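First up is the structure itself, then whatever we jot down about it.
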Amino acid sequence: MPIYEYVCSKCSHDFEDLVPSSTSPAPPCPRCASKRVERRLSVFAVGRTAAPPPAPCGAPIPGGCGSCGDPRGPGACALD
């Protein structure tokens, strides 16, 4: 069953509803019970595959600073 997004024409309340089929009548607004609702275009989110977590702020970048090879990362030595 798809989830549809609706907006009430009377009170402008946005809501979602689990609809058994695309031919089902629109549900009444849960806030004001008006039957004047419009189906909206939905935007869906796509899950990402497992990715490494972001490095915490201030964490040393692997591989050194590039100028002198200081293992503490960029900006750690006097050459930067």
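The values are calculated or read from the model by the stated rules, or taken from the named source; none is laboratory data. Note that the coordinates shown come from a computational prediction; the quantities given were computed from them, not determined experimentally. Using ideal geometry, Cβ is built from the backbone for each residue, glycine included, and neighbour counts are taken over all protein chains shown.
Observations on the structure shown:
- Search result, residues across the stretch 8-20 that are in a loop (DSSP other than H, G, I, E, B), closer than 16 Å to L41 by Cα and touching a residue at least 12 places away in the same chain (Cβ under 8 Å): S9, H13, V19
- Output for the stretch 22-44, where each listed residue is in a loop (DSSP other than H, G, I, E, B), surrounded by 11 or more Cβ atoms within 10 Å (Cβ to Cβ) and of a type in the set (A, V, I, L, M, F, W, C): A26, C29, C32
- Any hit, the stretch 8-21, residues being modelled with pLDDT under 75, exposed (fewer than 10 other Cβ atoms within 10 Å of the Cβ) and not basic (K, R): no
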